[in-house]
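Below: the structure, in structure tokens.
The values are calculated or read from the model by the stated rules, or taken from the named source; none is laboratory data. Quantities reported herein were computed from a predicted structural model and do not represent experimental measurements. In this analysis, Cβ positions are derived from the backbone assuming ideal geometry, glycine residues included, and neighbour counts consider all displayed protein chains. Note: accessible area is taken over every heavy atom of the protein model, side chains too, but ligands, DNA and RNA are not part of it. Shrake-Rupley method; radii C 1.70, N 1.55, O 1.52, S 1.80 Å.
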Amino acid sequence: MNEIRTILATDCGSTTTKAILIEQVEGEYRLIVRGEAPTTVEAPFEDVTRGVINAITEVEELTKRVFLDGDEVIIPPRDGNGVDAYISTSSAGGGLQMMVAGVVKNMTAESATRAALGAGAIVMDVIASNDGRLAHEKIDLIRKLRPDMILLSGGTDGGSEQAIELAELIKAANPKPRLGSGYNLPIIYGGNARLQDIIRDTLEGISALSIVDNLRPVLERENLNPARDKIHDLFMEHVMQQAPGYSKLMAMTRTADKQVPIMPTPGAVGLIMQAIAEEEQINVVGVDIGGATTDIFSVFDGTFNRTVSANLGMSYSVANVLAEAGLSNILRWVRSDIEEEDLRNRIGNKMIRPTTIPQTREELMVEQAIAREALRLAFIQHREFAVELKGVQQERTISDAFEQSESGRSLVKMLELDLLVGSGGVLSHAPRRVEAAHMLVDAFLPEGFTRLAVDSIFMMPQLGVLTELHRQAATEVFRKDCLIHLGTCIAPRGILRSGTALKISGKLGDGTDFNHEIGTNELQLFKLPEEPAIELIFEPARSLDLGAGKGKPVKRAISGECVVGLIVDTRGRPFQFTRETRDRQSLLNKWDICE
Amino acid sequence: MATSFTPGLRVAKNIIVRKERRLPLLGEVLVKSGDTVKADQVVAETKLPGRIFPVNVANALNVTPPELKEAMFKGIGDQVEEGEVLASIKSFFGLFRSEAKAPIHGTIESISFITGQVIVQAPPVPVQVKAFVDGRVIQVFSNEGVEVETNGSYIQGILGLGGETLGPIMMGVEAPNEVLTPDKLTPAMKGAVVIGGSLLRLDTVRRARELGINALVTGGFHDGDVKQLLGYDLGVAITGSEDIGLTLILTEGFGCIDMADRTFELLKSLEGRFASVNGATQIRAGVIRPEIIVTRDGEELQVETVHTGELTEGQTVRVIRNPYFGRIGKVTGLPPELTLIPTGAAVRILEVEFTDGERVSLPRTNIELILE
């Protein structure tokens, strides 16, 4: 294989196509430039490659180099023009929309949902034998939703045979794909292996059926990769082929030696999150808050989970944030007196004119209040989903009998979270980086020691697909050009009514003392000198825990190489703050680390 | 890029309007290319497959699925009445009889000897598609529907509730800044499309329903009233199937906002004419806007300017975000460099002079073009 030095990568979003140029400079891969153009999957263009060409043309203009020969990307480079690889991700046209079916709602159906989400899909609905809906209601739903693909699971190997009933329901519904009518709907079966022949007999005539290994062969173990890989293959073979211009785009994404498959955008972001967690051996939570949806990714102790909150977003779905969070939860973050009717109308107008941006400080405050609630709700959904496998029998000792823990505990352990990464317009493009940090802390309520970062220009999707082609290039660019380190948040777990919540002591590199006592119910920002590791001792009050146990001091090296600083949050975990909280406005003023 | 494109809503006096009228499933097209059609004329029809009711007959009879072969009275394709016996079996030395009955009137769709499930399908539901506008069929999509063309006025709204309806246009107010209150509605407006101004409230919608008015058109409407009307928050702007007793179209947005002069004047000039109105809206990729179409056959067509997508000095724009929401002005400058706005963000801006002479700078994303 030729050495890859220059890479062009695009991400075709629902509204904008973003192109980045990555190049090896003095032995390191770096981002050179970024261009963008409106996505062109809709009329009058109906060809995604138009937007791609326009975005690449902007990269050409900015670099004063040539990457295109007509509508073709020049690969490999010749005479100083062209690139070694062109790759792409896509979520245009609504991304990959799937329906998932399984026998038991919180066992096989949940595993199937995890497989679909991990592959980058939006899960439109989950059908389970025990979901409480009547059979004809399920059939109506399958007919109405028109997914791009169905993933059917159910039963451990040699176990329950109810997946056949689900297959019969799907057959009776005879579902049609969302895009195009000239092909059969792809269905993947990943359930009880003993039923494969019966499932084939039932579904082969009405669908493009694929059979993969059982995604829950035994209750104690998931085997999601065969289903995920099949989803990616079918996404390329069936769904993408139907979208306008994608067959052309699929031919364009390649190196000199091979084709490189297009990946669904969230699937690509998941890959980069996993890569970074693996390389640094850390626990990571990442969020991408978009106009229509919010994606959350987590890797805890090597286990990856992704959720999509399909109707939590900052433009198309902004009114839904109001509907789900409630007006008073949004208003609790707003410092000025806004009439409820006025706020409702403002949010409604953002929904119907989604491309507008706030022009005044007050409008920005409202927008960031909504973002806090969208992120908070999406994270709640994620924590409920990212759990240990349910239905697993556990061996209990006598001590466990006193600690009645059930199977299905959340894998998201806030005290063990090392890095929280935010991306999406409202975070990546916040006028000041400290505002992004403030939103992340208020929405995610990190505990213990958590590093905060944002994606500088939202290039995680392109870097994700790049990990499949050239992992070194992807991780180098991710660290140097994509991640902007905001700082570290220190937040003890527990509630303290009054007194000193936390003492910090240590010395900075120049010998100056760094000694602070922080009272309860504070949010404070400390600027740090630009040193890679400042050794500090953190001593929480007796009822508070920083990860070492209640009242136990913790010695930590904190990085000063960040754009915001050290954020100390002693507002308590759980955080109790409502619109009715006494002195709400003055508390908000006190907590304002952005001024 | 030096260009910026924010297409506004279309408000055209007399242009060629084409509407695709498609069935949800394949069916029969009842007209042919070149036919003249009326708005309420059925142009295509089909039958939607009936609802499906599975019955686990093996469970009901307490037999194994393979034993169903002996017990079934009916076969695939047979018609059954509601309550009719599908299968039965004698038990306990023939003393007792277990029966499984059809849950609905319909046809046996399938019998599974693996799961014991019998699927009964209700009779098909007829679905018709009407022409929606007075016009001429210019294209037939075989077994799917037609494309109807007409010359007429075409007005897009920003958001609608409720689906398609028809009726004559009647003015409910005198000026675009006037509120349409319930007392301005009269029994003579029954079946009409009534035009309001800057606002109407829930009491006006209720009164309009009582009077049998088919559609209301207004500049603004409060979001809180939408919630009251629907009984839930409108989470995403995908509408058209709401059952609110009439069709409601907002031309400007949420709040009290004067209807744009051009929209108001055009609607006023159409008073008494027959309009086709559709509230269906989808603000996502592939935007669908609510619309009002009035056929004006035989009148002179307006020459439509094809918009290149470029924003240039001298164009008329409307601000679509606070603090200048709804104001109209002309573009006086398009500085190419990023400019700091009061939020602290550096963005591309444009300079606008409002009709009263005031000049302001705005983010380019916060305006929409008024297409002349």
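Restricting attention to the range A:471-485, does a residue exist that is among the acidic types (Asp, Glu), open to solvent by 30 Å² or more (accessible area, probe 1.4 Å), out of contact with any Leu (no Cβ under 9 Å at 6 or more places or on another chain) and more than 14 Å from every other protein chain (Cβ to nearest Cβ)?
Within the range A:471-485 (the criterion being among the acidic types (Asp, Glu), open to solvent by 30 Å² or more (accessible area, probe 1.4 Å), out of contact with any Leu (no Cβ under 9 Å at 6 or more places or on another chain) and more than 14 Å from every other protein chain (Cβ to nearest Cβ)), the answer is yes, since at least one residue qualifies.
Pick from the range A:155-170 the residues that are more than 22 Å from B:Val118 (Cβ to Cβ) and of a type outside the set (D, E, K, R): which of them is farthest from the other protein chains (Cβ to nearest Cβ)?
If we take residues in the range A:155-170 being more than 22 Å from B:Val118 (Cβ to Cβ) and of a type outside the set (D, E, K, R), then A:Thr156 is farthest from the other protein chains (Cβ to nearest Cβ).
Are any residues in the range A:529-541 outside any strand (DSSP E or B) and open to solvent by 30 Å² or more (accessible area, probe 1.4 Å), and if so, which ones?
Answer for the range A:529-541, where residues must be outside any strand (DSSP E or B) and open to solvent by 30 Å² or more (accessible area, probe 1.4 Å): A:Pro529, A:Glu530, A:Glu531, A:Pro532, A:Ala533.
Looking at (1) open to solvent by less than 50 Å² (accessible area, probe 1.4 Å); (2) part of a loop (DSSP other than H, G, I, E, B); (3) modelled with pLDDT under 90; (4) more than 30 Å from B:Val133 (Cα to Cα), which is the one condition that is false for B:Ile89?
(2)
Consider B:Phe132 carefully, then state whether it is open to solvent by 30 Å² or more (accessible area, probe 1.4 Å) and touching a residue at least 24 places away in the same chain (Cβ under 8 Å).
no
For A:Gly70, indicate whether it is at positive phi and either open to solvent by 20 Å² or more (accessible area, probe 1.4 Å) or free of Cβ contacts under 8 Å to residues at least 40 places away in the same chain (or both).
yes
Being surrounded by fewer than 19 Cβ atoms within 10 Å (Cβ to Cβ), touching a residue at least 24 places away in the same chain (Cβ under 8 Å) and not basic (Lys, Arg) is the filter; apply it to the range A:180-197 and report the residue that is nearest to A:Asp157 (Cα to Cα).
Taking the candidates together, the pick is A:Ala193.
Out of everything in the range A:322-341 that is among the aliphatic types (A, V, I, L, M) and assigned to a loop (DSSP other than H, G, I, E, B), what residue ends up being farthest from the other protein chains (Cβ to nearest Cβ)?
A:Val334
When you check B:Thr186 against the structure, is it within 16 Å of B:Ile292 (Cβ to Cβ) and β-branched (Val, Ile, Thr), yes or no?
In short, no.
Taking the stated definitions as given, is A:Thr202 surrounded by 22 or more Cβ atoms within 10 Å (Cβ to Cβ) and over 26 Å from the mean Cα position of the chain (by Cα)?
Taking the combined requirement at face value, the residue satisfies it.
Yes/no matrix, rows are residues, columns are (1) farther than 29 Å from A:Gly509 by Cβ; (2) part of a strand (DSSP E or B); (3) open to solvent by 40 Å² or more (accessible area, probe 1.4 Å); (4) not assigned by TED's automatic domain parsing to the domain that holds A:Leu496:
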residue	(1), (2), (3), (4)
A:Ser543	yes, no, yes, no
A:Ala548	no, no, yes, no
A:Lys552	no, no, yes, no
A:Arg556	no, yes, yes, no
A:Phe575	yes, no, no, no
A:Arg582	yes, no, yes, no
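Quick check: is even one residue across the range B:325-341 closer than 30 Å to A:Ala292 by Cβ, surrounded by 17 or more Cβ atoms within 10 Å (Cβ to Cβ), among the aromatic types (Phe, Trp, Tyr) and modelled with pLDDT of 90 or more?
So far as the range B:325-341 goes, no, none of its residues is closer than 30 Å to A:Ala292 by Cβ, surrounded by 17 or more Cβ atoms within 10 Å (Cβ to Cβ), among the aromatic types (Phe, Trp, Tyr) and modelled with pLDDT of 90 or more.
How many residues are within 23 Å of the chain's Cα centre (by Cα) and either more than 22 Å from A:Leu249 (Cα to Cα) or in the same structural domain as A:Thr293 (by TED's automatic domain parsing) (or both) when one looks only at the range A:10-39?
Selection size over the range A:10-39: 1.
Please tell me if A:Asn345 is part of a helix (DSSP H, G or I) and open to solvent by 10 Å² or more (accessible area, probe 1.4 Å).
In short, yes.
Output the residue which, of all residues in the range A:155-190 that are among the acidic types (Asp, Glu) and outside any loop (DSSP other than H, G, I, E, B), is nearest to A:Val239 (Cα to Cα).
The residue in question is A:Glu168.
Residue by residue through the range A:305-321, note down the ones that are in a helix (DSSP H, G or I) and open to solvent by 10 Å² or more (accessible area, probe 1.4 Å).
Across the range A:305-321, the qualifying residue is only A:Asn320.
Please go through the range B:151-171 and give me each residue that is surrounded by 24 or more Cβ atoms within 10 Å (Cβ to Cβ), small (Gly, Ala, Ser) and not in a strand (DSSP E or B), ordered by number.
B:Gly157, B:Gly162
When you scan the range B:342-368, how many residues do you find that are more than 13 Å from chain A (Cβ to nearest Cβ) and either open to solvent by less than 10 Å² (accessible area, probe 1.4 Å) or in contact with a helix residue (DSSP H, G or I) (Cβ under 9 Å, 6 or more places away or on another chain) (or both)?
Selection size over the range B:342-368: 1.
Can you pull out every residue in the range A:407-432 that is assigned to a loop (DSSP other than H, G, I, E, B), more than 14 Å from every other protein chain (Cβ to nearest Cβ) and either open to solvent by 10 Å² or more (accessible area, probe 1.4 Å) or not small (Gly, Ala, Ser) (or both)?
Of everything in the range A:407-432, those that are assigned to a loop (DSSP other than H, G, I, E, B), more than 14 Å from every other protein chain (Cβ to nearest Cβ) and either open to solvent by 10 Å² or more (accessible area, probe 1.4 Å) or not small (Gly, Ala, Ser) (or both) turn out to be A:Ser407, A:Gly408, A:Arg409, A:Leu411, A:Val412, A:Lys413, A:Leu417, A:Asp418.
Output the number of residues of the range A:486-519 satisfying the condition of being closer than 24 Å to A:Leu546 by Cα, more than 33 Å from the chain's Cα centre (by Cα) and open to solvent by 70 Å² or more (accessible area, probe 1.4 Å).
7
Hand me the list of strands (runs of 3 or more DSSP E) wholly inside the range B:187-255 holding 2 or more residues that are within 13 Å of another protein chain (Cβ to nearest Cβ) and in contact (Cβ under 8 Å) with a residue 40 or more places away in the chain.
In the range B:187-255, B:247-254 are the strands (runs of 3 or more DSSP E) which contain 2 or more residues that are within 13 Å of another protein chain (Cβ to nearest Cβ) and in contact (Cβ under 8 Å) with a residue 40 or more places away in the chain.
Which of the residues that make up the range A:205-241 are surrounded by fewer than 20 Cβ atoms within 10 Å (Cβ to Cβ) and of a type in the set (D, E, K, R)?
Of everything in the range A:205-241, those that are surrounded by fewer than 20 Cβ atoms within 10 Å (Cβ to Cβ) and of a type in the set (D, E, K, R) turn out to be A:Asp213, A:Glu220, A:Arg221, A:Asp229, A:Asp233, A:Glu237.
Of all strands (runs of 3 or more DSSP E) completely enclosed by the range A:78-154, which ones contain at least 1 residues that are of a type in the set (Asp, Glu), away from every other protein chain (no Cβ under 14 Å) and surrounded by fewer than 20 Cβ atoms within 10 Å (Cβ to Cβ)?
Fully inside the range A:78-154 and qualifying: A:121-128.
Here are the criteria: (1) within 14 Å of chain A (Cβ to nearest Cβ); (2) open to solvent by less than 30 Å² (accessible area, probe 1.4 Å); (3) touching a residue at least 40 places away in the same chain (Cβ under 8 Å). Tell me which single one B:Val148 does not satisfy.
For B:Val148, the exception is condition (1).
If you scan the range B:25-40, which residues turn out to be open to solvent by 60 Å² or more (accessible area, probe 1.4 Å), touching a residue at least 24 places away in the same chain (Cβ under 8 Å) and more than 14 Å from every other protein chain (Cβ to nearest Cβ)?
B:Glu28, B:Lys32, B:Ser33, B:Thr36, B:Lys38, B:Asp40
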